[in-house]
Amino acid sequence: MGTSASSKGPGAGVSFDPPWLDDIDVPGQDNQNNNVNPAIGIAPKARFGSARKSMGEYVRSGSKDSARRSLGHYSKTGMGGAQNVARRMRTSTKTASNFFNTFRSLRDDTTFSLGKEISELKNRGADASEIIDAIVGHVCPKGGSVDEVSCRDSGTSALSEFMDQNPDADFSNLSDDQIWSLTAIYLGNEAFNRIQMDIGQAFEKQDVPYVDRVNRLNDMRDYIQSEIATQMDALRKTTDQNVDMNQLFQDTIKNTFEVFEVEV
């Protein structure tokens, strides 16, 4: 799983946000009232230099300290701080809010349109991949930008991973704990994809054996997912039921990358 790091990533002297970011249409979300300000500032020269150096060390050695330093440099220098990382990922957090609310509606609202669609799929013997496609199509943006493609990739992977971990689970009747867990997997995938797109070129270096590169990639994804889940759980315990979910997931991203910044 993961979006390919096929380019050199975003450069210096530009806004931390691409100009098209707020043009993305996330289903069920009001792009003009998403409570997220743009990222602040202009990207500095060699913005990802230190992050890429530490990432290269991690890919070669598997050193977790190098991985954490890379993530810290990525956030602090490459993106101008953890708050900017969260703001840059506002499509991801709005989609995470969709994930969360969709699974609650599937459980609690008998008139929910997606629930009826899933019931029809089950009645005609659809397999799990068809049901996952229906959920992703309902929750994720449908355009062709890298952020929109990443959301769909992360959503499909999160749903598949969740089913592997919970083979008897019913997407139409998940518990609150399961909904939180699934949303954390999705948002962890999105954070991992963001890193991979921006500084993941080290994983393509041919002087490191392919098997090692794949193992390092999977280990980093697991580490990011784990930290996202930890920060989300902490916020969950300190908020009430009427919280703005998009803001909670923004805070999850910010708090996660603040943890990474401690390493630098």
D164, sole failed condition from (1) without any contact (Cβ under 8 Å) to a residue 24 or more places away in the chain; (2) over 29 Å from I195 (Cα atoms) = (2)
Kindly establish whether E57 is under 30 Å from A202 (Cβ atoms), acidic (D, E) and in contact with a helix residue (DSSP H, G or I) (Cβ under 8 Å, 6 or more places away or on another chain).
-> yes
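Of the residues S92, S97, which single one is buried (at least 21 other Cβ atoms within 10 Å of the Cβ), under 16 Å from V36 (Cβ atoms) and touching a Ser or Thr at 6+ places or on another chain (Cβ under 8 Å)? Steps first, answer last, please.
Values: S97 fails: touching a Ser or Thr at 6+ places or on another chain (Cβ under 8 Å).
Exactly one of S92, S97 is buried (at least 21 other Cβ atoms within 10 Å of the Cβ), under 16 Å from V36 (Cβ atoms) and touching a Ser or Thr at 6+ places or on another chain (Cβ under 8 Å), namely S92.
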Before we move on, is L248 more than 24 Å from S66 (Cα to Cα), open to solvent by less than 60 Å² (accessible area, probe 1.4 Å), aliphatic (A, V, I, L, M) and in a helix (DSSP H, G or I)?
-> yes
Failed condition for Q206, given (1) closer than 26 Å to V243 by Cβ; (2) among the polar types (S, T, N, Q); (3) not in a helix (DSSP H, G or I) | (1)
Look through region 13-34, keep the residues that are at pLDDT below 85 and surrounded by 12 or more Cβ atoms within 10 Å (Cβ to Cβ), and return whichever of them is farthest from V85 (Cα to Cα).
-> G28
Kindly provide the set of residues from region 102-114 that are over 13 Å from V136 (Cα atoms) and assigned to a helix (DSSP H, G or I), ordered by number.
-> R104, S105, L106, R107, D108, S113
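The values are calculated or read from the model by the stated rules, or taken from the named source; none is laboratory data. Since this is a predicted model, take the numbers as computed values, not measurements. No Cβ is skipped: glycine too gets one built from the backbone with ideal geometry, and neighbour counts run over all protein chains shown. For the accessible areas, the whole protein counts, side chains as well, though only heavy atoms, and no ligand, DNA or RNA atoms are used. Shrake-Rupley method; radii C 1.70, N 1.55, O 1.52, S 1.80 Å.
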